[in-house]
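The block underneath contains the structure these notes are about, expressed in C-alpha cells.
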Amino acid sequence: MCEDIVITCFGGANDPQDSGATASGISTKANPNIEGVSIAMDGRQFGRLSPAEHRALDGSPFPRMPWGTKVIITVEGRQFAPGAGIIDLGPGKQASKGPHDPHALDVTVAVAARIRPAIPRHKLSTQFSARGSFRILGGAKYVLEA
C-alpha cells in the first residue's frame, strides 16, 4: 500500500509532454478510453531504458511487475480499479515536489475522468491532480529478497 501520495494524469491526445507510447506498448492516444496506471518500477530491472529514464527510475522502491498487474486506487474514500492495470513506467523521482508531496502514481485520462468528472477530458492531462493511495494486487510476490 502506498498512502497519501500525489496522483496525476498522463497520456492521451492533449498531453504536451507525452507521445502516447507506453512501456507496455499500449498507446494512450490510439486507446483514449484505456483505464491504466503508470508506476515507477526500478529502472535497474529493465534493459532497454534511456539514460534519462534510468536516472528517473533507478532505485524506485517498486520492483518490476508484469504489465497488466491490477491496482486499486483510493481517492477521497472512493475506490477505482483500472481495468488495464499497470501499462507504463513513471512518474520519475524528479516529479515529486518535496517530501510532503510524493508523486507516486500516474493515471490515464479515462481513470482521471472517473476520479474528477467535473474536469473536461481535454484538460485532464495538464490539470488533474489528487491525493490518494494505491495498492498493487499481488505485488508482494514480486519483491526481490535482499
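What the table below lists for this structure:
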read-out	value
Percent of beta bridges antiparallel (DSSP, the chain, rounded to nearest 5)	60
Two-decimal ratio, region 27-88, of alpha-carbon radius of gyration to 2.2 N^0.38 Å	1.25
Rh by Kirkwood over Cα pairs, then Stokes-Einstein D for region 1-110 at 1.306 mPa s and 10 °C, µm²/s	112
Lys, Arg +1 and Asp, Glu -1 on Cβ, resulting dipole of the chain about Cα centre, debye, nearest 20	220
Net charge contributed by nearby residues that have their C-beta within less than 15 Å of GLY36 (K/R +1, D/E -1)	-2
Protection proxy ranking of 9-17, 23-31 - average other beta-carbon atoms within 10 Å, highest first	9-17, 23-31
Long-range amide H partners of ALA23 with built H, under 5 Å	LEU89
Set of lysines near LYS123 by C-alpha distance (under 19 Å), chain-local residues within fewer than 8 positions excluded	LYS29
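Where a number appears in this text, it was derived from the coordinates with a stated rule and is not lab data. Everything numeric here is computed off the predicted structure, so don't read it as measured data. Cβ sites come from the backbone with ideal geometry, for glycine too, and all protein chains shown count toward neighbours.
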